[in-house]
Every structure is written in structure tokens, then in C-alpha cells.
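**Student:** Can you keep this structure in mind? I'll have questions shortly.
The values are calculated or read from the model by the stated rules, or taken from the named source; none is laboratory data. Since the model is a prediction, treat every value here as computed from it, not as a measurement. Positions of Cβ are generated from backbone atoms using ideal geometry, with glycine treated the same way; all protein chains shown enter the neighbour counts. Note: accessible area is taken over every heavy atom of the protein model, side chains too, but ligands, DNA and RNA are not part of it. Shrake-Rupley method; radii C 1.70, N 1.55, O 1.52, S 1.80 Å.
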Amino acid sequence: MDKGYMAKTYPKEETIAEHTDRLIGNYNIFKKIYPNINIDWNILKLACLYHDLGKANRKFQDKIKGKQVSGEIPHGFLSTGFLNTRELVKKYGKEKVKILATAIAFHHERNFQFSDYREDVQKEIEIMKEDAAGFKYDKIPDLRVHKLPSLKYLNGNRITRDDGEDIFCEYILIKGFLNRIDYASSAHENVEWENDFLEESMDNMMKEWRKEKPKSDWNSLQNYMMDNKDENIIAVAQTGMGKTEAGFLWIGNNKGFFTLPLRTAINAIYDRARKNIIKEKLEERLGLLHSDAFSEYIKREEKQDDEKLQLDELGISEYYERTKQLSMPLTICTIDQLFDFVYEYKGFEPKLATLAYSKLVIDEIQMYSADLISYLVYGLSHITRLGGKFSILTATFPPFIEDLLIKEGIKFKKPEPFIDKNKNNIRHSIKIEDKEINSDFIIEKYNKNKVLVICNTVRKAQELYEKIKGNNPGLKNDINLFHSSFIKRDRAKKEDEILNLGEKGNDTGHGIWICTQVVEASLDIDFDILITELSDLNGLFQRMGRCYRNRKFDKHGYNCYVFNGGDKKCSGVGHVIDKDIFEFSKEILGEKNVKGHISEEDKVKLIDELYTTEKLQETSYYKKIIETLCYMKNLYTNEMDKAKAQKMFRNINSMTVIPEDIFQENKAEIEKCKEIINEKRKANMNKQELEDLKKRKAKARYAIMNYTVSIPYYLTNDKNIKTYEINKFERIQRFKCKYSDDIGVTPVKDLVYEDEQKDWNNFY
């Protein structure tokens, strides 16, 4: 091919031939690592070869040289003009050619109505015949422009289920893999890095353990997961059974994604894996993926000793991009980074195609909201249909979720729960208090021990904290508050403090921590006494896992006190907690006379009895799951754009704000960060200079985000919110409220940016 025809100018100039060669190189890497994927490799190779040939047109070449052009046709459509459809149909059949042509045409998502401009596309292809005359490319014999494929093969629409389920599935793989290979090649990256290390790494970790404890071995859960690597698994296992190690053992030497509900837990698993399992070649083996992952990478790069993130000749930004491209063999992530494909937005194919040959671990599924349960169930039906595998590892597993999976035709194995049935190893003794949670009870139970109090809402936690602190000045240094309404800087500090106090083996520490459900599954803490509001049975058992986490309770009395509200409802019921499930939980605890020692087996039986489809089918929680599933099934493929899909998936009913007082206190630093974010890339920057610029910008964004907090939308109105613009693409909201580093955000209706005021009917 003529060396004069360019494909790209950034990060450096590259001809169409050079770029296409990169794709073929990545195609070969992909096929070598995953040869058993159920795909037509010939069609994928053709897609790689032809996808960018349409750039050999005058308008594109003028544009890439910096000239102004108008009426440009997206090059993907022009590339289809190089396809000799008559000969291709003879060799591969009509359906394959349709998949090939459509994947090439739509390999970039453009706002272009092909059906309105079909004649223009054909005219441009005719012009391109002259442009491409004499082109030679060693990988395509007899390369020349033919004509726009007929409507049988390219009608302006992407392939959907209307074309047949089998065709649709194959199209997802071809287009998804083409996108993955193209993106990686454009970044001069490998499309995949092989997992040839995890099984050996797990063996090495066990050998290290045996040096200290010679009798160490994998337990029943971990052995089961190894023995069933080729199966979809749902395994219920109590705290302390090593679910993380079990998940890695199940993944084995395959591409794997390990998902958890909360970023704090994800960060902790990533650190455990890089320090204890991976240890070397981190940039080719393990990635961290969530909304703050780049900042987390930078934080770890700046640490010392064994906490420092060690990369071999690879910049943090490149490491992050590699992770975002889903090319790492092992990725620790949140499900929103993967499962937004359920909306089948324009360009969803790469994620689903990747999961089609991957193994997916879903940890603590009971922590997910109704809409996320719907996404998981619906998503797993697609993943398994295409060949992907999943394992659900969880402390409790509501049986209605099992019914939903079966209804969607998802096959899996569900063994007996992996729990300690030894009645001498009881961790919890429970007492139900038939009244509202109160400060006097908390003070009574505090005796220089470690007391964890969990409320259902931020407001209730703040009320208890202020009452105890106000009435007990001698406990000023012993009582702490932790919830989601602290700015990130203060929340991180509080996380460190509660982790230090609740660390396993900390027998000398003492204090009272009043929290919300942020501690249910995100923090590995161990307290002496739990005092909690009742939320629901699932939430209760999660909260109990923060008390006597890995210890046997062999004392008289109780270590878990549950306040059910008495004649009243606990805080948050009917808002953040389904009122019917709350009442069912309250009833079953009373009917079963739950009191005193409670075993892990007892907990599983209670969950199995309460969370049945029959019991929950009339609750608003269950109805929302069914409604969401129906909505997704009735969505038309490619109806939605990616940004809207991601917003809907994350169920964004909150707003990220900077409390006004915090903004004013730190305005100089925020303005300085804004300047850094808006620094322009200078011409002829070398690789290290570009890396340094990206890191400066990321650090500046992180510094601003440290002053932010996420609050519910209903707390905001047009008078207490003011926009702070960083640039035309980025902005953040300032919020008029009271804020302190010990209480967090306290909304006040009289605090507004203007004189007009708005009454708030909802307060927490």
C-alpha cells in the first residue's frame, strides 16, 4: 500500500499499512492465547485487514494533514467498498459476509444516518477508486475498490436479534474483538497478556504458608473450586473461609475478572493479590478497575517499601490504559465497569465479547441493590450463552436469586454451604431489643472495649454521635463517627482509623464507632460488641460479620444487640430499606425466638426461609427486579448511547459536591489544580514528558476530588447549588451546607446562594 496514505498522526505518524500490520500482529497474539474461542477466525482476520482501508480517500487524507474538509463520509463505510462480496459469499456464505461488512462499517460509532446518505457513500466510493488505483498491500492480493455492498449485506443498521440469535451472537464477537484489537493496536499495546502464571503463583503462596505452618492446605471450599473449574458455581461460605483465594483458584490460568461491590474492598483485594500472589511482572498480569483506579495507582506509586507499586519500564498512565482496554489476564473491578453492556448501547460489543471467553467471580452478591441484581442476572444469561463462566462466592445467598437465574436458563452448580457446623465454634450471640436504638444503651455496653454501632441512615448516626458526645464529655476521645457523607479526604482518614482499631489481634485498642452500612462489607474489621438497627436479615448478618470476625465467642451473654424499633420502624425503612422485607425480617427473628448463640448454619437456614420468591414476590424490591429485567429485554439494541447507559446502570440518584466551606478554605489549591488540569500538550513532547503531564493532571483531579462528597439529589435545589467550571468538559457543584470533619455534611434549608428559600420535604 502507498506509504503516503496515513492512518494516524498520534502518538506518531502511521500509514494505513503499518496500522493494519499492527492489527494482524494483535490478531495473531489473540488467536495464539485463546485458540478455542468459538469464532470464525477467518472473518475476524478479514475485518482486521479491511477495517481502515476507507481512509485512503482524499477528504480523510486532507483532514489528517490539518486541512478543513466538509461532507466527510465515515471511513468504516468506505472501507466496505474494498470487499469483493461476490467472491466472499462463495467462500463464506451470505450471513458471514453481512457480519463482516456490518462490523467494518460500524467499527467506530458515528452519528451518521447511513440510510439517508447511501447514495453519497456510493459516490465517494466511486471517487475513491481513482484514489486507490495502483494500491498494493502484501496481505490482500488484488486489492482494489469494488462497490458499496448491496442492501443484503449492509442496510445501514447494525445486526440485532431480529437477524437471528446465532447471527447476533457471532456479530457481537466479530465486532467486539475487532474493536479490542483496533484499540490496542492504535495504542501500540498488546490486545491480550497471557495468564500462564496464576496456578503456579497460588502454589507458591501455599508453599510460603507451609514454611510457617507445615500443615497448611487448601480447605474444602478452595478444593471444590479447583475441582470444578469448568463449571458455573454458586458457593455460600462463611467469613474466614478464604473466598478470595477460592476465586483465584477457580480462575486458574484463564482470563479472569474478580468483582466486588465496594471500591474499598476492591483496593484491598488488589493489594493482597499484587503483594502475596503476583509479585512480579505486575503490568502484564494484574489490573485494578473502578472509577478512581488511576488515582489509586498513583497513590501506590508514591508509597514506600513493599507498599510501593513496582512497574518495569511502564508508566502509570500506560498501565491504566492497559487495564481499561481489558487486556490484563486478571482484573479486580466493580461490576459497573463490565455489566453496563446489558443496555446494549452503541459500542457495547467489546465488553460482552471479552466476557465470552473469561471467568467472572462475583463476590458478596447479597450486597447489590434490586436494579444491580437485575443487571447481573440478565448479564449472566448473555455471558454464559456466549461461552463465559461465572462463580458467585457469597456469605449469604438469597434463594430468590437462584430462581431468577434458573428462569433465565442459566446453568450452574450449587453445593452445600461451606460453613463450620461445629457448635463449639460459635462466633455470635444475639439479643433482640424491641425498641429504638438509643445512646444510653451504647454507653452502658462500653467498658474500654471495642463497640461498633451501625445505623441505617446518616442522620440517625449523626444524632446518636452528637447526643453521646454532648452528654458524656469524658468520652470525647473515645467516640467516632463514620458514614458516607464525609468528603473523601476525611473519609479516607476515618477508614484508616477504624481499620487500625478493628485490626485482627488488636487487643489493647478501645473506642466506640458509630457508622452506617458503609462498614457492612467494605472493611475487614473485628469489634467486641455490635449494636445495630435492624435493616433486613441479610444486612444484619453482614453487620454481624464485623464483630468476632474470626474469633470464637465462648462467653456468657451477648455480643450482638439488634434494635428492631419496637412499635416504630427503624430509620431508613421505606426509603433505603424495603419496608416489607424489614417487617418479614422482624417477624422471623421473633417467630424463631432468635436469642443467644447463633451458628453459621442457623443463619443460612433463616436466609433460605425468608428470601424465597414466594415470600418476596409482592414486595416493591422484588417487583423492581422484575420490572428492570422486563425493561432490558424490551430495549432495542443500539437504541441508547454509552453515556446514558452508564448513567442508568449506576443508578445515579446522587450528586458529587464540594461543601461551600471546604471550597472557600481550599480555594487557592483548587484554582491551582484547575490550572494544571487545563495545561496544554506541547508539540514534540517525548514519552516521559507526556507521562509526567498525564500524572500531573490526574493528581490535580484527585486533589480536587478529595474535597468532594456524594449526596442524594433530593437534598439539592436551584438555590443551594452553584456550578464551579473546571473547563468546558469538567465541572463540579458547590453545596451550601454545614460541614465539619467530625460530623460530615449537615444540610440546612436556610443556607442558600440566594435569598429565595425552598422547603425540603425530604431530609435523609
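**Student:** Of N477, N538, N550, which residue is more than 30 Å from I704 (Cα to Cα), over 25 Å from the mean Cα position of the chain (by Cα) and at pLDDT below 95?
**Tutor:** N550
**Student:** Those residues that are over 28 Å from L501 (Cβ atoms), part of a loop (DSSP other than H, G, I, E, B) and open to solvent by 30 Å² or more (accessible area, probe 1.4 Å), I need them from segment 544-580; list them, please.
**Tutor:** If the condition is that a residue be over 28 Å from L501 (Cβ atoms), part of a loop (DSSP other than H, G, I, E, B) and open to solvent by 30 Å² or more (accessible area, probe 1.4 Å), then D567, K568, K569, G574, H575 are the ones that fit.
**Student:** Suppose we filter D692, D741 for residues that are surrounded by fewer than 17 Cβ atoms within 10 Å (Cβ to Cβ), closer than 30 Å to E301 by Cα and in contact with a helix residue (DSSP H, G or I) (Cβ under 6 Å, 6 or more places away or on another chain); which single one remains?
**Tutor:** D741
**Student:** Kindly indicate which of S599, S654, S620 is modelled with pLDDT under 90 and farther than 30 Å from E165 by Cβ.
**Tutor:** Testing whether each residue is modelled with pLDDT under 90 and farther than 30 Å from E165 by Cβ leaves just S654.
**Student:** Ok, one more. Can you tell me which of (1) over 30 Å from E280 (Cα atoms); (2) crowded, with 22+ Cβ neighbours inside 10 Å; (3) not charged (D, E, K, R) is the one S369 doesn't meet?
**Tutor:** Result: S369 fails condition (2) only.
**Student:** Can you name the condition, by its number, that G474 falls short on among (1) open to solvent by less than 10 Å² (accessible area, probe 1.4 Å); (2) outside any strand (DSSP E or B)?
**Tutor:** (1)
**Student:** Could you tell me which of the residues Y343, Y319 is over 16 Å from the mean Cα position of the chain (by Cα), open to solvent by less than 10 Å² (accessible area, probe 1.4 Å) and in contact (Cβ under 8 Å) with a residue 12 or more places away in the chain?
**Tutor:** Y319
**Student:** Can you name the number of the only condition in (1) out of contact with any strand residue (DSSP E or B) (no Cβ under 8 Å at 6 or more places or on another chain); (2) exposed (fewer than 14 other Cβ atoms within 10 Å of the Cβ); (3) modelled with pLDDT under 90 that M640 fails?
**Tutor:** Of everything listed in (1) out of contact with any strand residue (DSSP E or B) (no Cβ under 8 Å at 6 or more places or on another chain); (2) exposed (fewer than 14 other Cβ atoms within 10 Å of the Cβ); (3) modelled with pLDDT under 90, M640 misses just condition (2).
**Student:** I'm trying to understand the selection: among the residues of segment 259-285, which are under 16 Å from the mean Cα position of the chain (by Cα) and within 26 Å of A703 (Cα to Cα)?
**Tutor:** L260, P261, L262, R263, T264, A265, I266, N267, A268, I269, Y270, listed by residue number.
**Student:** Given the conditions (1) without any contact (Cβ under 8 Å) to a residue 60 or more places away in the chain; (2) part of a helix (DSSP H, G or I), and given that Y171 satisfies all but one, which numbered condition is not satisfied?
**Tutor:** All conditions are met except number (1).
**Student:** Which residue out of K467, K448, K431 is out of contact with any Pro (no Cβ under 7 Å at 6 or more places or on another chain) and at positive phi?
**Tutor:** Result: K448 is the single residue among K467, K448, K431 that is out of contact with any Pro (no Cβ under 7 Å at 6 or more places or on another chain) and at positive phi.
**Student:** Go through segment 511-527 and give me each residue that's surrounded by fewer than 24 Cβ atoms within 10 Å (Cβ to Cβ), assigned to a loop (DSSP other than H, G, I, E, B) and in contact with a Phe, Trp or Tyr (Cβ under 8 Å, 6 or more places away or on another chain).
**Tutor:** D526
**Student:** Now a separate question. Go through segment 449-468 and count every residue that is among the hydrophobic types (A, V, I, L, M, F, W, C), part of a helix (DSSP H, G or I) and either touching a His at 6+ places or on another chain (Cβ under 6 Å) or touching a residue at least 60 places away in the same chain (Cβ under 8 Å) (or both).
**Tutor:** Adding up the residues that qualify gives 2.
**Student:** For segment 481-505, which positions are closer than 19 Å to I529 by Cβ, open to solvent by less than 40 Å² (accessible area, probe 1.4 Å) and touching a residue at least 40 places away in the same chain (Cβ under 8 Å)?
**Tutor:** Result: L481, L501, G502.
**Student:** State which residue is surrounded by the most Cβ atoms within 10 Å (Cβ to Cβ) when the search covers only segment 288-316 and only residues that are aliphatic (A, V, I, L, M) and farther than 22 Å from F30 by Cα.
**Tutor:** A293
**Student:** Sort out which residues of segment 322-332 are within 21 Å of K699 (Cα to Cα) and crowded, with 19+ Cβ neighbours inside 10 Å, and write them in order of number.
**Tutor:** Within segment 322-332, R322, T323 meet the criteria.
**Student:** Among the listed residues E283, E199, E245, which satisfies the condition of being open to solvent by less than 20 Å² (accessible area, probe 1.4 Å), of a type in the set (D, E) and touching a residue at least 12 places away in the same chain (Cβ under 8 Å)?
**Tutor:** Unique residue meeting the criteria: E283.
**Student:** Out of Y137, Y153, report the one residue that is over 39 Å from the mean Cα position of the chain (by Cα) and assigned to a loop (DSSP other than H, G, I, E, B).
**Tutor:** Result of the check over Y137, Y153: Y137.
**Student:** What residue, of N223, N276, N254, is at pLDDT 95 or above, assigned to a helix (DSSP H, G or I) and open to solvent by 50 Å² or more (accessible area, probe 1.4 Å)?
**Tutor:** One residue alone meets the criteria, N223.
**Student:** May I ask you to list pairs of residues, at least six apart or on different chains, whose Cβ atoms are under 6 Å apart, with the first in segment 211-232 being free of Cβ contacts under 8 Å to residues at least 12 places away in the same chain and the second being open to solvent by 50 Å² or more (accessible area, probe 1.4 Å)?
**Tutor:** If the second residue must be open to solvent by 50 Å² or more (accessible area, probe 1.4 Å), the pairs left are S216/W209; S216/R210.
**Student:** In segment 427-467, what residues are at pLDDT below 95 and either surrounded by 22 or more Cβ atoms within 10 Å (Cβ to Cβ) or of a type in the set (S, T, Y) (or both)?
**Tutor:** R427
**Student:** Out of the residues in segment 406-446 meeting the condition of being aliphatic (A, V, I, L, M) and in contact (Cβ under 8 Å) with a residue 60 or more places away in the chain, tell me which one is farthest from K586 (Cα to Cα).
**Tutor:** Of everything passing the filter in segment 406-446, I410 is farthest from K586 (Cα to Cα).
**Student:** Given the structure, is I64 farther than 22 Å from L100 by Cβ and in contact (Cβ under 8 Å) with a residue 40 or more places away in the chain?
**Tutor:** Against the criterion (farther than 22 Å from L100 by Cβ and in contact (Cβ under 8 Å) with a residue 40 or more places away in the chain), I64 qualifies.
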